[in-house]
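Structure first, then comments.
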Amino acid sequence: MSITENQLHADPSIEAHELHPQRSAVIETEQQRDHAKTIYEKSKPGRRAFVAPELDVPKHELPAKFRRAEAPKLPEIAEPEIVRHYNRLSKRNFDLDSGFYPLGSCTMKHNPKLHERVAALPGHARLHPLTNPKRAQGALELMHSLQVALGEIAGLPHVSLQPSAGSHGELAGVLVTRAYHEDRGDFRTKILTPDTAHGTNPATVTMGGYEVVKVGTNADGGVDIEDLRAKADDQVACLMLTNPNTLGVFDANIEEIAKIVHGVGATLYYDGANLNAVMGKTRPGDMGFDIVHYNLHKTFTQPHGGGGPGAGPIAVSDRIEPYITKPQVVKLEDGTFDLDFDRPKSIGRLRGFQGNFGVFVRSYAYILSLGGDGLQEASELAVLNANYLLAKLRELGVTDLLPPAYDRLCMHEFVLSGAPMKRELGLKTLDLAKRLLDHNFHPPTVYFPLLVEEALLIEPTETETKETLDAFAEAMAEILREGAEDPEIARNAPYGTPVRRLDEAGAAKRPVIRQPL
Amino acid sequence: MSRYTSATETDRQEMLAAIGVESIDDLFADVPEGVRLGRPLDIAPGKPEQEVFARLRDLAAKNVSAEDEISFLGAGMYDHYVPALIDSILSRSEFLTPYTPYQPEISQGGLQVMFEYQTAISELTGLPVSNASVYEGPSAVAAAGWLAHTHTKKTKFLVSESLHPHSLETLATTSAGWGTTIEMLPVVNGLTQLDEVVGDDVAAIFVGQPNFHGAIEDIAALSQFKGSALLVVQADPLTLGVLRSPGEDGVDICVGEGQTLGNRLDFGGPSFGFFAASQALLRRMPGRIAGETTDVDGRRGFVLTLQTREQHIRREKATSNICTAQALNALAGVIYLSWLGREGLVELGELLVSRTHYARETLAAIDGVELWHDQPVVREFALKLSKNAHEVVEFCSARGVNPGFAFDDNGLLVAITEQRSKADIDRLAEVLKEALA
């Protein structure tokens, strides 16, 4: 049902929209403000899109005791309406191909269109994972080539592609750490994570069967060395670290940190979420890390798909190599490729088959396209863009109300604190984020990292133009100007989106997580 | 300058001036001398798009895919037809290129897809609660193990010998630090054996439906003996139009591989895992869950909900560490289920049942072929061959027919999809007869 003229005038929110017109993030037509209807609500018995192939063999029926009495209530709908339904839903999404998406820690860089084409080649897309390796040589060669390139980038030679996402790679890292220690008869109980860590780090530690011990942050935004020294003992299995960390700060004490961690016999784990800052400049292996996970969907540009798929390969040093997952792709002496299952100390497998191969195809294509020089340039420009955006925000006075958490050069991302804005304008970081939607920008990551009050974590990536960064900075400045005059505008934002602020508390209190049918 | 970045020399100079540094190198001043790479990466220089395409095309051409042979390979992933509308909808940038819907006002499309997906999985499994996807099948089984262990505080897992071996291995790997043990439940003539109530130290019982050898398990019978343990079933979702739903047979958690629902083979991934459970387990679920709500104007909308379970809020106390899952693949799943529709799901299931039984009878009539078990099957069955199964697979493959997966020296697992006609099955029989002669 579309909104009538009468409703428009009766509806105070839409009046507000009229009062504060902006280029909207998603909405283009009134039709997109229609009451949301699910595909189940468009279903009518007897409609269909599927026509079954002819039954060319004798009919066979299952024994009654196994047969389902009533078919699942899936939609009944013909192809044209399925297509329209999902196309309409797509128009209610903001996406990277449509605009700036500076979501800190997520590395929303451009997704080259070539990658979809090569991933869809039938030799990739219709290749069964249990095909005899002799008949899957192209796929194994691709995986092996990717392993070699990733190993070079990390400075750690042994790469397992199997983990399905960053958090899965973290779990692989914790499990190989456990296997490494226990193989030497060394049973440890704790893993250290800085208080700036991604939430996946402590969550992974718990799932790996270890106790989380938090390490503090020093005045420069790096690891508090004294705190680390105090907490590093022979019960510590590992320190999980992101460098540059989630504050966008490169920890200049990394050599000292590695020394302390290795001094107590623990492993040093590199959360690769921020690898996009340092390719070709420095390598985790050279910094002293034993284990690294990559987020192929971030650094090596997969379309994020609305929340996956990704892939989270790990790379390890020689001493950890015996423990990584199996099967492992190997190159044989005759130049052919195989899957090696004969790995007696391996932790085993962490999923079915060989990993998210379709993701490997795209990331390998990306590495071929950029080359070693291009990857290095990507990191340099990611850092240049972040520092420029920070400088531009300073120039426009935005940082008066939103100061950087650490007032220094940043790496590929930086953190602002909305605390002064909240104090002086009565606007929360959330309000600013919601008002950005009316300016056609995806907001930065908000309220993370946790130790910065009213945090905004901004990661522009290298694929954005200077003009886009300027426009974003102007929008931030404009929202603050507007907020100084009338903070109510941002407090009630957004206005131009398919829906406005949603009742999240109510959704959690009385969860409706499926359609009653 | 790379083709994916735009900073011209002028841009760079202006930007450096605005920052107040001389060079890009100055921006990396915090990186200590001792850890700088100091040389170019040993990776070949970048190539033009057309050359990258050619390299990937050449690699793809070295693979023998289901496009090139008559394939009966299954064992967890299956060569079903993926309808064209899935390619069309998934290629829309609005679905392809955003990330997790942290800002619901501009993510209603993705959130509603999750809600519709959860509804479809709940319908298929007969369980009230579904999340928005996990990585894939075997790791979903391990995630169910973690839920069962943390929910029941118990330390023993009972695993059917006919659970998919990848699921068993993944559970064993993942649970290394939990202080849990795994005991196997024997299988006789295809079926998991359990004839008394399990001990009160058991966290969960794991069974496949159909199981790895293709047999339909009597879940209702197994359920009677679960005691205080959680019954976890790894199901093939495409069979749930014809098989009783796990929910109606007392299953607590139903997980599985979603590839059969509109996802490509892709040499094993990306696909998606589904995770459904009873109401009592709602607040222990891993991963994203979309919920329905309203906006300030009373408009219907959807949000990520029950987020206090999740790692970004709860950190070390989260129910799981999962963050990025498989949203795009789950979208393919829900489009596929809408395409099949309520009747189509059943019709496809019935077609698979008929063709699979025809194939089993036809192949079992060959000298040197015995049934691994004689239980009813839906889409896959196991045979015992008189010759080495790996050699038989090689022999047949050289003749353009991939007869299935050699899961044992004499065991062959044969999978049927709607893309394998009677003529294909008859051709397999001919080749297999030759191989065993």
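The values are calculated or read from the model by the stated rules, or taken from the named source; none is laboratory data. Source: prediction; values computed, not measured. For neighbour counting, all protein chains shown are included, and Cβ atoms are generated from backbone atoms with ideal geometry for every residue, glycine included. The accessibility values were calculated without ligands, DNA or RNA, using every heavy atom of the protein model including side chains. Shrake-Rupley method; radii C 1.70, N 1.55, O 1.52, S 1.80 Å.
Miscellaneous remarks
- Where A meets B: accessible area buried, both sides, 1.4 Å probe, Å²: 17300 Å²
- Summarised in one figure, the compactness ratio Rg/Rh of segment B:86-334, Cα atoms and Kirkwood Rh, is 0.97.
- Note on residue A:332 and residue A:504: with the Förster distance fixed at 56 Å, the Cβ-Cβ geometry gives a FRET efficiency of about 0.55.
- Estimated dipole of chain B in Debye, rounded to 20 [Cβ of Lys and Arg +1, of Asp and Glu -1, Cα centre]: 640 debye
- Per residue, the Cα convex hull of chain A amounts to 205 Å³.
- Per-residue [θ]222 nm for chain B (sum of -39500 (n - 2.57) over DSSP H runs n ≥ 4, rounded to 500): -11000 deg cm²/dmol
- Cα-only Debye scattering, the protein assembly as shown: base-10 log of I(q)/I(0) at q = 0.06, 0.08 Å⁻¹: -0.40, -0.73
- Normalised alpha carbon radius of gyration of segment A:384-517 [divisor 2.2 N^0.38 Å]: 1.13
- The largest accessible area among A:464, A:255 belongs to the first residue in A:255, A:464, and the rest follow in falling order (1.4 Å probe, all chains).
- Beta bridges assigned by DSSP with both partners in the protein assembly as shown are antiparallel in approximately 60 percent of cases.
- Mean residue ellipticity at 222 nm, helices only, chain A: -11000 deg cm²/dmol; runs of at least 4 DSSP H residues each add -39,500 (n - 2.57), and the sum is divided by the number of residues.
- Here the protein assembly as shown is assigned +1 on the Cβ of each Lys and Arg and -1 on the Cβ of each Asp and Glu. Its dipole about the Cα centre then comes out at about 1640 debye.
- The residue list B:129, B:280, B:293 was ranked by how far each Cα lies along the charge dipole of segment B:86-334 toward its positive end, using unit charges on Cβ atoms, and B:293 comes out on top.
- A Stokes-Einstein calculation at 25 °C with viscosity 0.890 mPa s, built on the Kirkwood radius of segment B:81-233 over Cα pairs, returns a diffusion coefficient of 140 µm²/s.
- Contact order, relative form, for segment B:230-288: 33 percent (alpha carbon pairs under 8 Å, 6 or more residues apart, mean separation divided by residue count).
- Using C-alpha pairs below 8 Å separated by at least 6 residues, the relative contact order for chain A is 20 percent.
- Neighbouring partner chain Cβ atoms per residue of A:157-165, average, 10 Å criterion: 3
- A simple charge model with +1 on the Cβ of Lys and Arg, -1 on the Cβ of Asp and Glu and nothing else charged puts the dipole of chain A at about 2280 debye relative to its Cα centre.
- Accessible area in the full protein assembly, largest first, 1.4 Å probe, for B:339, B:372: B:372, B:339
- The protection proxy used here, the mean number of other Cβ atoms lying within 10 Å of each residue, ranks peptides B:234-244, A:369-379, B:191-201 as follows, highest first: B:234-244, A:369-379, B:191-201.
- Fraction of antiparallel bridges per DSSP, segment B:86-334 only, in percent to nearest 5: 45 percent
- Spin-label pair residue A:61/residue A:453, simplified geometry with 7 Å Cα→Cβ offset, distance in nm: 7.3 nm
- For the protein assembly as shown, with +1 on Lys and Arg beta carbons and -1 on Asp and Glu, the positive-most of A:125, A:238, A:225 along the dipole: A:125
- Taken as entire DSSP H runs, the helices of chain A that both span 20 Å or more between Cα atoms along their own long axis and average -1.0 or more on the Kyte-Doolittle scale are A:137-154, A:166-183, A:357-395, A:466-485.
- Bridges between two residues of chain B, per DSSP, are antiparallel at a rate of about 55%.
- Values of log10 I(q)/I(0), in the order q = 0.07 Å⁻¹, for chain B under a Debye, Cα-only, solvent-free model: -0.43
- The packing ranking, built from the mean of other Cβ atoms within 10 Å per residue, places the peptides A:425-437, A:287-299 in the order A:287-299, A:425-437, highest first.
- Zero-based 10 Å bins, Cα pair distances in segment B:260-406, whole percents: 9, 22, 26, 21, 14, 7, 1, 0
- Cross-link partners for residue A:331 among the lysines, with Cα-Cα distance under 28 Å and sequence neighbours closer than 8 places in the same chain left out: A:134, A:298, A:345, B:47, B:62.
- Shielding value for A:492-502 is 6, the average number of Cβ atoms from other chains within 10 Å of each residue's Cβ.
- Seen from every direction in turn and averaged, the convex hull around the alpha carbons of segment A:80-137 projects onto 7.1 nm².
- Per residue, the convex hull spanned by the Cα atoms of segment B:302-370 amounts to 178 cubic angstrom.
- Sites residue A:486 and residue B:44, calculated FRET efficiency, Cβ-Cβ separation with R0 56 Å, nearest 0.05: 0.50
- Share of pairwise Cα separations in segment B:232-271, more than 15 Å, in percent: 46 percent
- Residue with peak Gaussian network fluctuation, chain B [Cα springs, cutoff 10 Å], from B:336, B:358, B:102: B:102
- For chain B, the relative contact order is 20 percent, taking Cα pairs closer than 8 Å that sit 6 or more residues apart in sequence and dividing their mean separation by the residue count.
- Ordering A:342-348, A:416-422 by mean Cβ neighbour count within 10 Å, with the highest value first, yields A:416-422, A:342-348.
- Taking label points 7 Å from Cα along the Cα-to-Cβ direction, residue B:58 and residue A:113 give a separation of 2.6 nm.
- Take each residue in A:384-391, count the other chain C-beta atoms within 10 Å of its C-beta, and the mean is 6.
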